[in-house]
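The values are calculated or read from the model by the stated rules, or taken from the named source; none is laboratory data. Fair warning: this is a prediction, and the values are worked out from it, not measured in the lab. Glycine gets a Cβ as well: all are built from the backbone with ideal geometry, and neighbour counts include every protein chain shown. Heads up: the accessible areas ignore ligands, DNA and RNA and are worked out on the full protein's heavy atoms, side chains in. Shrake-Rupley method; radii C 1.70, N 1.55, O 1.52, S 1.80 Å.
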Amino acid sequence: MISIAGLRKSFGAAIVLNGIDLEIRQGEVVSVLGSSGSGKSTLIRCINGLEKIDAGKITVDNFDVSKPRELSEARKRSGTVFQLFNLYPHMTAVQNVALAPVEVLKVPRKQAEAEARELLRSVGLSERADAYPAQLSGGQRQRVGICRALAMKPSYLLLDEVTSALDPEMTAEVLSILANLAKGGTTMVFVTHEIEFARSISTRIAFLDKGQMIADLPTKEFFSDKGMALPRVAQFLSKMRKD
Amino acid sequence: MKFDLSILAKHVPFLLEGAWLTFQTCLLAVLGSLILGTLVAAARTSASPQLNRLSAVYVDIFRNIPFIVQLFFFYFGLPEIGIYIDAFTTGVIAMSIAGGAFTSDVIRSGILAIDPGIIEAAQVSGLKKSTIFRKIVMPIALRASVRPLGSVFINLILTSSILSTITLNELTGSAKIVASQTFRPFEVYFVLLVAYAALTWFVSILIGMLHRYLNRNQAEGAV
Amino acid sequence: MRYDQFTPYDLVLLLQGLGVSLALFVSTTLIGLVIGTLWAVIRFYRVPVLAQMVAFLAELLKNSPVLVQLFLVFFGLPAFLKINVTPTEAAVITLSGNSAAFIYVIAVSAIESVGRDQIEAARVFGLTRWQILRRVIAPQAAAFAIGPLTGLLVNQLQVTSLISVIGVMDLTKVGNILNLRTLKPFVVWTVVGALYYLAAKLVAHAGARFEKRLRAHTAWKGL
């Protein structure tokens, strides 16, 4: 379980997250929605320890991410996929995927690379397994990014606006992979702008506004009268649908 | 006076011996500079303020004092504190230390140019700091730095001529001997100058090839 | 009696040496500026043969050790041309030529940094090539060149130390003399190094200030 309690985070004078409470249990797919600057991405960066939190507590399977010793254990349990892929440019797709299993989990290299190839095959990249990131399209890069996160067999997958840098066609290919993962029971925290997609795969929706979580509802309820009763949510949904 | 190169012919083997010594010093100094430069670049980009300051001071000092002064400092100074090493070793050490300062600057800017997102990706996948430095940071920074590092190494080749002032008979030192034996300093130093220029030109071609080879997979859209 | 203690006079000697180093640095820099800029203008006008010769000469000077150039001028020229060359003359000739080669390279890239479209626009208005160079290119190129030029000058200041090898009484030569007399190499070379360091910092500081002033003319000041 990922448990967030009373999380506060500010950059200088700007308060980005102001008292967030959220729990994500095994098997859930939680989408985090909200307008730009609402603190969605920062939330993910706090969970994987890339940002130091100012107050509150985040634990991943009871490992406290603000304690350096426990952070590495917490990180072993979660995998992150980035908006801008952040692949290692000097490594092939296979090497990107196999690096952490070899270095962190001490899997023998041969085995790790075989598993990496299998993962890449499952996302339709068996042909491009030995290509370097620069030789791949954006959608292909993000698929490698997803494989890299999955290679560590994480209990939780953290997805930070993973389709924002892709054109519609490539977005579709990445989303279909995520839909499959969701169906297969992978626990996900999904920060996104893709409302319709979030609606189709998530079990729950968390809505952030100005650093506060103003809704945390089962998907069905969020998109029903209950969600619409919240003025900010209604405003957001109508605006996003117009776009 | 006639410009006559033929008188140099019988001194070529002797000069080649000197060139061989130049090659050895430069090779060792390049290795030394790379090792030292990498360590110092790591220190300068580390999170520790003490290491930052210490490494910055090292670079600042050795970049702003003439090499010949550094060389004399070691050559005359080391015996003073009971360290007796030959001119060759002294030269290699001095060149490595000076070269290390320049090398660390190049590697440091290579490191600073790395997209922070790539480092973050490595951090969240649980890699240790040392692993990230060895497997991610250095390979990327070195690939990006081949050309500027090449300039530093070419400068080291030119700098190695100064070792002739501490009795090391590398290429320039041997040429001095030949010049005084033949009484033809103009021819000797003219050939020497062209030889150095040809050598550095050749090295710069090798560096260009190395750069293209190491970055062959980094061009956008290439298949 | 052996005079192996430091005397107050040594300080005067050191300052004298520093003065010689700085004087040669300043004068050869100015000569180098004139020659290097002239070479760049020759290239700008694409003077046949001369432009190629200049480019070749600059490459040769850039890619060979200054020490060898110094030997060629100091030992080679007198023997070849049967003329008399004093150490100071050799130093001035060599350092000026060497600086000119590097300044030429900086000037060429500074000229090339000015956009083609500007030059074409100026041509449309009927400006001559000289007017374009003076009114359009020169002010922008100067602002572009000042940064690399400062870096070069810090380097050339250190290069002057090599003239001690042919007997010019510069700071390094004074260091040599004090070193041999007092047999206190660490003290002597540390002091000499510190003086060079301060001079280098002074040059860098002056360059930065000059750059700021030059850029102030092009900076947006608001309405």
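Give me the dipole magnitude in Debye, nearest 20, for the protein assembly as shown about the Cα centre, with unit charges on the beta carbon: positive for Lys and Arg, negative for Asp and Glu.
For this selection, approximately 580 debye.
Helices in chain B, meaning DSSP H runs of at least 4 residues, each add -39500 (n - 2.57). Divided by all residues, the mean residue ellipticity at 222 nm is -24500 deg cm²/dmol.
How big is the dipole moment of chain A about its Cα centre under a simple scheme where the beta carbon of each Lys and Arg is +1, that of each Asp and Glu is -1, and everything else is neutral? Debye, nearest 20, please.
On the way: 32 positive and 27 negative charges, 65 e Å.
Dipole magnitude for chain A comes out near 320 debye.
The mean accessible area for residues of chain A, using a 1.4 Å probe and ignoring ligands and nucleic acids, is 43 Å² per residue.
A straight Cα-to-Cα reach below 22 Å connects C:Lys184 with the lysines C:Lys173, residues fewer than 8 places away in its own chain not being considered. Computed on the stretch C:124-208, the Cα convex hull volume stands at 105 Å³ per residue. What's the whole-number percent of alpha carbon pairs in the stretch B:150-222 lying beyond 15 angstrom? Cα-Cα pairs of the stretch B:150-222 separated by over 15 Å account for 64 percent.
Quick one: net charge of A:Tyr156's neighbours, Cβ under 9 Å, K/R +1, D/E -1? The partial results should precede the final answer.
Numbers: positive: A:Arg77; negative: A:Asp61.
Overall, the nearby charge balance is 0.
The alpha-carbon atoms of the stretch A:10-98, seen along their principal axes, cover 41, 30, 28 angstrom, with the largest extent given first.
Per Stokes-Einstein, at 20 °C and 1.002 mPa s, what whole-number D in µm² s⁻¹ belongs to chain C, with the Kirkwood radius over Cα pairs as the hydrodynamic radius? Kindly include the intermediate steps, with their values, before the conclusion.
Values: Rh = 19.8 Å.
After rounding, the answer is 108 µm²/s.
With both labels modelled 7 Å from their Cα along Cα-to-Cβ, the A:Asn62 to C:Val49 distance reads 9.0 nm.
Which helices, taking whole DSSP H runs in chain C, have alpha carbons extending 20 angstrom or more along the helix axis plus mean Kyte-Doolittle at least 1.6?
Working: long enough: C:8-44 (54 Å, 1.65); C:87-113 (39 Å, 1.10); C:138-159 (29 Å, 0.96); C:185-216 (46 Å, 0.62).
Span-like helices in chain C: C:8-44.
The dipole here belongs to the stretch A:114-241: it is taken about the Cα centre, uses +1 on the Cβ of Lys and Arg and -1 on the Cβ of Asp and Glu, and is about 220 debye.
Rounded to the nearest angstrom and listed largest first, the equivalent-ellipsoid semi-axes of the stretch B:114-163 from its Cα gyration tensor are 33, 11, 6.
Under the simplified labelling scheme, the A:Met240-B:Arg134 pair shows an inter-label distance of 4.4 nm, with each label point 7 Å from Cα along Cα→Cβ.
Which of the listed residues, A:Val123, A:Pro108, A:Ala93, is farthest toward the dipole's positive end in the stretch A:61-163, when Lys, Arg count +1 and Asp, Glu count -1 at the beta-carbon? Comparing the listed Cα positions along the dipole, A:Pro108 ranks first.
Of B:Ala43, B:Thr165, B:Ser204, which is farthest towards the positive pole of the stretch B:5-222's charge dipole, taken about the Cα centre with +1 and -1 on the beta-carbons of Lys, Arg and Asp, Glu respectively? Farthest along the dipole direction, towards plus: B:Ala43. Its Cα gyration tensor gives the protein assembly as shown an equivalent ellipsoid, and the semi-axes of that ellipsoid, as √(5λ) in whole Å with the largest first, are 61, 29, 26.
Taking only the Cα atoms of chain B, the ratio Rg/Rh comes out at 1.07, with Rh defined as the Kirkwood radius.
How large is the translational diffusion coefficient of the stretch C:1-116 in µm² per second when you combine the Kirkwood radius over alpha carbon pairs with Stokes-Einstein at 4 °C and 1.567 mPa s?
Values: Rh = 16.4 Å.
Approximately 79 µm²/s, per Stokes-Einstein.
When the Cα atoms of the stretch B:1-117 are aligned to their principal axes, the ranges along those axes come out at 63, 41, 25 Å in descending order. The Rg/Rh ratio of the stretch C:15-83, with both radii computed over alpha carbons and Rh defined as the Kirkwood radius, is 1.07. Seen from B:Leu39, the other residues with C-beta closer than 14 Å to its C-beta sum to a net charge of +2, counting Lys and Arg as +1 and Asp and Glu as -1.
May I ask you to give the average projected area over all directions of the convex hull of the Cα atoms of the stretch B:83-203, in nm² rounded to one decimal?
Mean projected area of the Cα convex hull: 10.0 nm².
In the stretch A:104-243, Rg over Rh equals 1.04, where Rg is the alpha-carbon radius of gyration and Rh the Kirkwood radius from pairwise Cα distances.
For the residue pair A:Glu23 and B:Leu51, what label-to-label distance in nm results when each label sits 7 Å from Cα along the Cα-to-beta-carbon direction? Output for this residue pair reads 4.1 nm. For chain A, the equivalent ellipsoid derived from the Cα gyration tensor has semi-axes of 30, 22, 15 Å, listed largest first.
Mean residue ellipticity, 222 nm, helices only, chain A: the sum of -39500 (n - 2.57) across DSSP H runs of n ≥ 4, divided by residue count and rounded to 500, is -12000 deg cm²/dmol.
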